[in-house]
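Please read the structure below before turning to the comments.
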Amino acid sequence: MNHRAPFRALALAALLSTATVPLLAQDRSASGHLLNWTNPISVESDSLDHGSRTLPAHSFMVHEADPGTAMSTLRSVFSDQGAKFSGSDPVRATVMVPEIPGVPVLLIATAEKDRAAGGTRMRVTYAANDSTAMEDVRHAAHAMAIQLNRAIVQQQIDAQQKIVDKAGSKLESAQSDQAKAQKKASSAASDLEKAKKEKSKLADKQARLQKEQQRAQERYNTSQAPKDLEKLTKVQGQLVKVQQDLSKQLKKEADAQKAANKRQDEIPDAQKEQQEHQVSKEQAVSELEALKRKLEAIR
């Protein structure tokens, strides 16, 4: 019998009920996303080549994004308008811009990797037509810079939410496994108790029959009567049957004890797995909340 198993289970249960999960300060999530926003939104005057023309433009950083992601995010910003972008470098589409109210605007944009700044530098021109860029639209470029950077972080939040959901599912599964382990251990302990009670009953019956056999033997030794021999033979047969049943019951008890030990030993493993998934979920939730704060910091 494994006498240590109950103590191990109690010790671990006490640990689980009192321990707090330390979440270490960190700069990045487990999936590699920065958890803090430290980048200023800076818009600079620039230029953009469009066909044979060079048009005035504004440039800004889309942080933590490669050019392809930055461009796909730009398209998604105007997807609710049904804007149709054409070209690749630059891309162009006629859109409505809230900061330039009243008229459709030809938006022209390019994106290139800026490793030093840690993302993609995007150049945008707001134009009335292919050859005429609009003036005094820095505020529109600044608003777009905020919008695109927030959209990138929102994508990170959406991806992190999936991680949280997955961690939650694993935790629920581990909790279910622990409950099953507890239930199986309880059932095995119950089976063991039943086996012990049945063994005790058979042992008592065996003792009773042994006394009865002794008395019958003494009577037959004195009387040598056929009826006393018959009684002795009957009792001996009953005793043999009980001894056979007791032998079987002893094996059942041994098997039940082995099963009970095994089930009891499974409880600490199930508790440990649950605790590990609890830590993983709490870490994922902590990172999700940090990303949400990061989003709010982009202004």
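The values are calculated or read from the model by the stated rules, or taken from the named source; none is laboratory data. Keep in mind it's a predicted model, so treat the numbers as computed, not measured. Every residue, glycine among them, receives a Cβ derived from its backbone with ideal geometry; neighbour counts consider all protein chains shown.
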Residues of segment 112-143 classified as buried (at least 20 other Cβ atoms within 10 Å of the Cβ) and more than 16 Å from residue 55 (Cβ to Cβ), total:
2
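Step by step: first the residues of segment 263-299, then only those that are of a type in the set (Asp, Glu) and under 16 Å from residue 161 (Cα atoms), then the one that is surrounded by the most Cβ atoms within 10 Å (Cβ to Cβ). Which residue is that?
From segment 263-299, those of a type in the set (Asp, Glu) are 265-266, 269, 273, 276, 282, 287, 289, 296; that's our starting set.
Applying the additional criterion that residues be under 16 Å from residue 161 (Cα atoms) yields 282, 287, 289.
Values: 282: 17, 287: 23, 289: 14.
By that ranking, first place goes to 287.
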Residues in segment 212-226: is at least one exposed (fewer than 12 other Cβ atoms within 10 Å of the Cβ), among the charged types (D, E, K, R) and in a helix (DSSP H, G or I)?
no
Looking at segment 103-158 only, could you name the residues that are among the hydrophobic types (A, V, I, L, M, F, W, C) and part of a strand (DSSP E or B)?
103, 105, 106, 107, 108, 109, 111, 122, 124, 127, 128, 133
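Those residues that are charged (D, E, K, R) and closer than 16 Å to residue 210 by Cα, I need them from segment 236-251; list them, please. I'd like the intermediate steps shown before the answer.
Kept after step one, since they are charged (D, E, K, R), are these residues of segment 236-251: 241, 245, 248, 251.
241, 245 - these are the residues of segment 236-251 that are charged (D, E, K, R) and closer than 16 Å to residue 210 by Cα.
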Would you please list the contacts, defined by Cβ atoms under 6 Å and residues six or more apart or on different chains, that run from a residue in segment 70-95 that is closer than 22 Å to residue 150 by Cβ to a residue that is aliphatic (A, V, I, L, M) and in a helix (DSSP H, G or I)?
73/148; 73/151
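Is it true that some residue in segment 234-245 is without any contact (Cβ under 8 Å) to a residue 12 or more places away in the chain, surrounded by fewer than 17 Cβ atoms within 10 Å (Cβ to Cβ) and within 30 Å of the chain's Cα centre (by Cα)?
Here is the first cut: in segment 234-245, the residues without any contact (Cβ under 8 Å) to a residue 12 or more places away in the chain are 234, 237, 240-241, 244.
Keeping just the survivors that are surrounded by fewer than 17 Cβ atoms within 10 Å (Cβ to Cβ) gives 234, 237, 240-241, 244.
Still in the running and within 30 Å of the chain's Cα centre (by Cα): none.
The answer is no; no qualifying residue exists.
Only one of these is without any contact (Cβ under 8 Å) to a residue 12 or more places away in the chain, out of contact with any helix residue (DSSP H, G or I) (no Cβ under 7 Å at 6 or more places or on another chain) and either of a type in the set (Phe, Trp, Tyr) or farther than 21 Å from residue 293 by Cα (or both): 116, 128. Name it.
Sole residue among the options that is without any contact (Cβ under 8 Å) to a residue 12 or more places away in the chain, out of contact with any helix residue (DSSP H, G or I) (no Cβ under 7 Å at 6 or more places or on another chain) and either of a type in the set (Phe, Trp, Tyr) or farther than 21 Å from residue 293 by Cα (or both): 116.
Against the condition within 30 Å of residue 281 (Cβ to Cβ), in contact with a His (Cβ under 7 Å, 6 or more places away or on another chain) and of a type in the set (S, T, N, Q), how does residue 156 come out, does it pass?
Working: within 30 Å of residue 281 (Cβ to Cβ): yes; in contact with a His (Cβ under 7 Å, 6 or more places away or on another chain): yes; of a type in the set (S, T, N, Q): yes.
It is true that residue 156 is within 30 Å of residue 281 (Cβ to Cβ), in contact with a His (Cβ under 7 Å, 6 or more places away or on another chain) and of a type in the set (S, T, N, Q).
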From 195, 203, 179, grab the single residue that is surrounded by 12 or more Cβ atoms within 10 Å (Cβ to Cβ), at pLDDT 90 or above, in contact with a helix residue (DSSP H, G or I) (Cβ under 6 Å, 6 or more places away or on another chain) and part of a helix (DSSP H, G or I).
195
